[in-house]
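Worksheet for the structure shown next.
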Amino acid sequence: MLYRVLKLVFFIPIVGWILRPRLMYGERIPEQGAAIIAANHISCGDTFSLPTLMKRQLRFAAKRELFEMRGLKALLGVFLRAIGQVPLDRSGGRQAANGLRPLLQVLAQGELVGIFPEGTRSPDGRMYRSHTGVARLALLSGAPVIPVGMVNTQLRRWFIFPTMRQARIVVGRPLDFSRYADRVDDVMVLRWVANEIARSIQALTGQSYVDLYGSRLKKGRLTQAQADSYIKAHPNEGVTSPDDIPILVGAGGLHL
């Protein structure tokens with residue numbers, strides 16, 4: 001209920017009348033059934049522009065820390081839950097795999113889950129390496145992944161108002177990775193799938209690709225010049241396809 005009220009009263013006027021991004025190929029988002037909406041992330045405006053322009057409710061994954069704050073900040077967690085956001089554990093490893101359960105439950109109910117595979121906003125407008133959580137989510141759920149490209153969605157100032165200039169939200173064709181469902185614990189397969197999703201998003205945005213996590217640059221662990229040395233044509237450049245990776249069947253050997 002709160003989601004619908006805020007969308008109608010608050011977000012539609014802001015997005016539709018002030019920011020005015022254009023949704024392209026929105027018909028590629030299914031009218032019913034589960035799907036994972038995976039997008040690049042270049043502005044805080046991405047988090048509310050896409051859901052506002054969609055007909056269906058989009059349940060975005062938000063970092064778990066936002067739901068666990070105390071004091072007055074705890075109200076943020078209450079608000080996020082009220083509008084249908086889902087906590088995501090980004091700590092990595094098995095704990096992160098368990099942290100996907102709330103998202104899997106949403107997909108099992110036939111709803112839409114939104115996720116930014118890069119895990120953070122781009123520090124300079126380029127695309128950075130995706131985390132593999134989106135791949136694990138796709139393989140565990142069997143839901144199609146719909147790539148979405150955010151183009152020119154950076155928030156700018158027009159007098160005292162925020163605005164976007166010629167912003168476009170481009171929806172790609174659904175991606176099906178169900179053929180790798182039995183290889184969900186293969187890190188090489190997860191990396192390839194995550195990269196392939198990112199590659200599809202890149203095709204919609206035309207962004208340059210930097211093969212390292214954007215958080216490293218944002219936290220000052222690398223200089224801009226060092227980051228430039230990680231530029232690749234696309235995320236799966238030089239990465240082996242799962243079809244060419246032997247399937248592990250246990251300690252006894254390989255299934256080729």
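Taken together, the values in this text are just the output of simple stated rules run on the coordinates, not laboratory data. Since we're looking at a predicted model, the values are computed, not measured. Here the Cβ positions follow ideal geometry from the backbone for every residue, glycine too, while neighbour counts run over all protein chains shown.
Here are some notes:
- Protection-proxy order for peptides 226-233, 144-151, 183-190, 43-50, each taking the mean of Cβ atoms within 10 Å per residue, highest first: 144-151, 43-50, 183-190, 226-233
- Counting only residues at least eight positions apart within a chain, or on another chain, the aspartates and glutamates with an alpha carbon under 12 Å from that of LYS55 are GLU27, GLU31.
- Hits among lysines - C-alpha to C-alpha of LYS232 under 21 Å, sequence gap 8 or more where chains match: LYS218
- When peptides 128-135, 196-203, 12-19 are ranked by their average number of other Cβ atoms within 10 Å per residue, the highest-first order is 128-135, 196-203, 12-19.
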